[in-house]
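All remarks here apply to the structure that follows.
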Amino acid sequence: MKKEQVVNCQFSVWYPIFKKHTIKSLILPLPQNVIDYLLDDGTLVVSGSDHNTQQTHMNNSDSNAEEDIQWSDDETTTTVTAPEFPEFTSKVLEAINALGGRVFPKLNWSAPRDANWIALNSSLQCHSLSDIFLLFKSSDFIAHDLTQPFLVCSDQDSPDPVINYELVLRKWSELIPGGEFRCFVKENKLIAISQRDYTQYYQHISKQEEQICQAIQEFFSQHIQYNFLDEDFVFDVYRDSLGRVWLIDLNPFGEVTDSLLFSWEELASGGEISQQQVSHRETCSSGPWQKLRTVSLVITWFSLHAQEGPAFRYTTSEVTVQPSPCLSYRIPRDFVDLSAGEDAYKLIDFLKLKKSQQEDSEEEEEEEEENAPQ
Ligand SMILES: Nc1ncnc2c1ncn2[C@@H]1O[C@H](COP(=O)(O)OP(=O)(O)O)[C@@H](O)[C@H]1O
Ligand SMILES: [Mg+2]
């Protein structure tokens, strides 16, 4: 995957091309001071006209005197002022109103899917700029867009293209997860289709396998094929209750995009994706739960679409209910780093702690043995 392919998958690049086949949306340029605010790791104070938050730092007078740690000399009160972006705020409100009052927000590539749990309604539905800021500031996916959009590109030596950051507001639509599919296109050929919410079993998919596959293939050949700037890409679709197919998103053909029920090796190999092979994806095959959970291996079996056309994979059994892939974002970062072995220093500290605990308990045992009546 090249940097240019990532650039081409920005919302503002593909939306004008496929406008007729996707959800109505508005794009607003993000001013630099808003970007700075989103990147600022400080206190989360959500902007809004009278949202000034009082933060009080106190010396911990409640604690027991012997252990009294002076956090600060005096009792001080700091007023943290929410940054104000009056012009941008009014543009956003205007856009939200134009889209019916409820919007789905995203940046150039990503939506804050990992942060929906923090919102009051546990959803990405937003009514105001402060709803959007709360989600964006809590999301690693948004931070990825802002800080390392070209992370796994193969042409790392070439200079990073200039990115104009944008706030994308999409009209809120109640999408049923069982109607969402991800489609992989290589050399302008639709090679594979995967159920997007692979953690669940949807009976209607196995019942309507043929129709779904056919509808998506038709949608691809009529509206998508040869119309995009690249010949390798991944597009997401939604098939509504009337059987109509809509474009939801366009993503780069590469590892930044979740390959769902396929693997990137099979997708990128260029060979035929086996129609006969029965594949599996282990429960929690990625992320911290892999090691934290003791759930026994549950194998997900896939039905493979036969013969010509794209390989079509979906979860076909109720025993495969899996935790949502975004659940891992709800636990403390240290815990995740430790379990995934991503931060060697944390692992070393943890092992040292374990070792000293072990030594302590061995010493205790020895003492007990010495003191034990002969
Ligand atoms: N306009 C919308 N209204 C409500 N939900 C949406 C809307 N657009 C997308 N979604 C939901 O959010 C999910 C992620 O959207 P998507 O644009 O693909 O973001 P990302 O690229 O970050 O995954 C989709 O799978 C869909 O379930
Ligand atoms: Mg996407």
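The values are calculated or read from the model by the stated rules, or taken from the named source; none is laboratory data. Keep in mind it's a predicted model, so treat the numbers as computed, not measured. Using ideal geometry, Cβ is built from the backbone for each residue, glycine included, and neighbour counts are taken over all protein chains shown. To get the accessible areas, we keep the full protein, side chains included, count just its heavy atoms, and leave off ligands, DNA and RNA. Shrake-Rupley method; radii C 1.70, N 1.55, O 1.52, S 1.80 Å.
Quick one: net charge around residue 91, please, counting Lys, Arg +1 and Asp, Glu -1 for every other residue with C-beta under 15 Å from its C-beta. Combined, the nearby Lys, Arg, Asp and Glu give -4.
Once the Cα-Cα distance is subtracted from the 0.36 nm per residue extended length, the residue 346 to residue 222 segment shows a gain of 39.4 nm. Within straight-line reach of residue 352, meaning a Cα separation under 21 Å, sit the following lysines at least 8 residues removed in sequence or on another chain: 291. Between residue 118 and residue 17, the modelled label-to-label distance comes to 3.3 nm, taking each label 7 Å out from Cα in the direction of the beta carbon. The heavy atoms of residue 154 present about 80 square angstrom of accessible area, all protein chains included, probe 1.4 Å.
Count Lys and Arg as plus one, Asp and Glu as minus one, and take only other residues whose Cβ is under 13 Å from that of residue 106; the net charge is then -2. Listed cross-link partners 91/186; 186/207; 3/171; 19/186; 137/186; 19/91 are compared with a 32 Å cut-off, the Cα-Cα value being larger for 91/186; 137/186.
Counting only protein chain heavy atoms and rolling a 1.4 Å probe, the accessible areas of 152, 162, 7 rank, largest first, as 162, 152, 7.
Using the Cβ of residue 357 as centre and a radius below 12 Å, the other residues enclosed give a net charge of -2, where K and R count +1 and D and E count -1.
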